[in-house]
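Below is one structure; the comments refer to it alone.
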Amino acid sequence: MTDWTETYRPSSLSELRGNDKAVKGVREWADTWDDHREALVLHGSPGVGKTSAAHALAADMGWETVELNASDQRTADVIERYAGRAANNATLGGSSGGDDTGGRQLVILDEADNIHGNYDRGGKSAVTSLVKSAGQPVVLIANQYYDMSRGLRNATQDIEFRDVGKRSIVPVLRDICRKEGIEFDSDALDRIAERNSGDLRGAVNDLQAVADGRDHLTLEDVITGDRDRSMDIFPFLDLVLKEGTSAQEALQSSYDVDETPDDLTKWIEDNMLKVYDAEEATRAYDYLADADVWLGRVWASQNYSYWRYAGDNLSAGVAAARDGTKGGWTRWGRPQFYHSTSNTSDDVVRAIAERGGFSMDTARRVVLPYLQAMTHHCKPRDLTVAMAAAYEFEEAHVSLVTGSGETTNKVQSIVEDAEELRAEQMEAHSGGAFAGVAPSTEAEANGGDDGAESDDGQTSLADAAGDGDGDDDGDEDERVADPEAAEEDDGQSGLSDFM
Ligand SMILES: Nc1ncnc2c1ncn2[C@@H]1O[C@H](COP(=O)(O)OP(=O)(O)OP(=O)(O)O)[C@@H](O)[C@H]1O
């Protein structure tokens, strides 16, 4: 089945619905590009047409496009390679694409607010320098404008795309129905537009889901479609985090949502602070921590009956932590793990597993949730620095664990402090912040001289293995055995050591 959002992607700026002012601005930017030569940032919520606008613009202008995705590691290489050359008007697509007759290429860099998470500092400045000196027009796409570095913001123009109103969504749905030969009652389309408030991609997806196999779409179809599905995650979040739900109702609804308790916990964690104040959140985190303990036990014992205790905490507990009801409409977001298109979450889990001596599963299900709860939004800061040092986290990892993607500078400074802290620990031969977890006493004693170059338990493990003398072999065995012992403690000991 073809994806209607692709089939019906606007091919010209004139086909884009809503955001008239923004679209006019985009056109003007392109028309005057030769005079200002600045890159343009298009920012706004997902699904409102930013990427479509960039492609439609290129089509209208007769420009080719080169699309790069900031969360794709390969993008770093491409940018590194072309940042300097772009100044000389080299084409970004490759040397053979070069054409001196003025053919333009529009460089579209998607997920520009995610750059800090994927490049080292050199790479990051390469993006800014690409943007400053590119001999070609560049459009950056971002959801969160303020997640982009200040340098990058200063070097660019920006245009905001607002959520697309119902009045602009309905005509898009109507056009699609006509082209697909589907008759419709207009209140059915109204309903779809309403429940996707602001998100055109969502509305088109929704239409495709309910219209599938039908040649006439009624309001009844749309509503029944709602009821037939098990409970959606968004109403569930409304129920737990906002409405005056009893603990029992909250628990019951957690059974109706088609998500595992692990995933529900992530949804709650990532969205709670949109509506809970600090006191409510503090209480709720206790319940989430309990939920995580039960999830850890489920994993350790493979006894899925524990799931209901996790479910109890994450639904009834979190609902009980709320003081009253919350009004208004909230844009719930997918948890970080879902929209992480890079392998950052895997990287984090791997770092925790390797450096903490846990299995990947324990790292993912037990240790990571604790770290997330303890360092939410980088608070307390010294704990976050200690964590970053202990697990040698990079900025992307700290962002992901603390859920603070929007605080780029904060995360950057935490990673810098963590590097310093690690250097100090190395000097003091402390064996890192979680000395009790991995290295054995002998290993530490041994690390006294040839371990000097290693900065943590993990590297010194490799060093010990590489030395090849009899003594070290003994150490190696012990060290390999240790992580397994640590794992039996289900991560608790690792964390208390780390704290
Ligand atoms: N303004 C619009 N007019 C018509 N169709 C739109 C519009 N906005 C979005 N769509 C539909 O939604 C799909 C997704 O839009 P698009 O990828 O441009 O959104 P986006 O704002 O770039 O989202 P993201 O930030 O998630 O990439 C398009 O292919 C199109 O089908």
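The values are calculated or read from the model by the stated rules, or taken from the named source; none is laboratory data. Computed from a predicted model, the values in this text were never measured in an experiment. Positions of Cβ are generated from backbone atoms using ideal geometry, with glycine treated the same way; all protein chains shown enter the neighbour counts. SASA here: full protein model, heavy atoms, side chains in, ligands and nucleic acids out. Shrake-Rupley method; radii C 1.70, N 1.55, O 1.52, S 1.80 Å.
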Across the stretch 273-312, what is the number of residues that are part of a loop (DSSP other than H, G, I, E, B) and surrounded by fewer than 17 Cβ atoms within 10 Å (Cβ to Cβ)?
-> 5
Among the residues of the stretch 211-224, count how many are modelled with pLDDT of 80 or more and over 18 Å from residue 4 (Cβ atoms).
-> 3
Scope the stretch 152-192; condition within 28 Å of the chain's Cα centre (by Cα) and not in a helix (DSSP H, G or I); matching residues = 155, 156, 157, 158, 159, 160, 161, 162, 163, 164, 165
Counting only residues in the stretch 20-43 that are within 27 Å of the chain's Cα centre (by Cα) and within 10 Å of the ligand (Cβ to nearest atom), the one farthest from residue 113 (Cα to Cα) is identified as 22
Do we find a residue being part of a helix (DSSP H, G or I), over 29 Å from residue 268 (Cα atoms) and at pLDDT 85 or above anywhere in the stretch 193-210?
-> no
Filtered residues of the stretch 198-215 (kept if within 15 Å of residue 178 (Cα to Cα) and in contact with a strand residue (DSSP E or B) (Cβ under 6 Å, 6 or more places away or on another chain)) | 211
Pairing a residue in the stretch 246-262 that is under 19 Å from residue 335 (Cα atoms) and touching a residue at least 24 places away in the same chain (Cβ under 8 Å) with any residue that is charged (D, E, K, R) and not in a helix (DSSP H, G or I), where Cβ atoms lie under 9 Å and the two sit 6 or more apart in sequence or on different chains, gives 257/232; 258/229; 258/232
With respect to residue 188, is the statement that it is among the small types (Gly, Ala, Ser), at pLDDT 85 or above, outside the structural domain of residue 111 (by TED's automatic domain parsing) and open to solvent by less than 40 Å² (accessible area, probe 1.4 Å) true?
-> yes
Every listed condition ((1) open to solvent by 20 Å² or more (accessible area, probe 1.4 Å); (2) away from the ligand (no atom under 16 Å from the Cβ); (3) modelled with pLDDT of 85 or more) holds for residue 87 save (3)
Single unsatisfied condition, residue 17 versus (1) modelled with pLDDT under 95; (2) within 8 Å of the ligand (Cβ to nearest atom); (3) under 19 Å from residue 156 (Cα atoms) | (3)
For residues in the stretch 341-364 being more than 18 Å from the chain's Cα centre (by Cα) and not aliphatic (A, V, I, L, M), which is most open to solvent (accessible area, probe 1.4 Å)?
-> 354
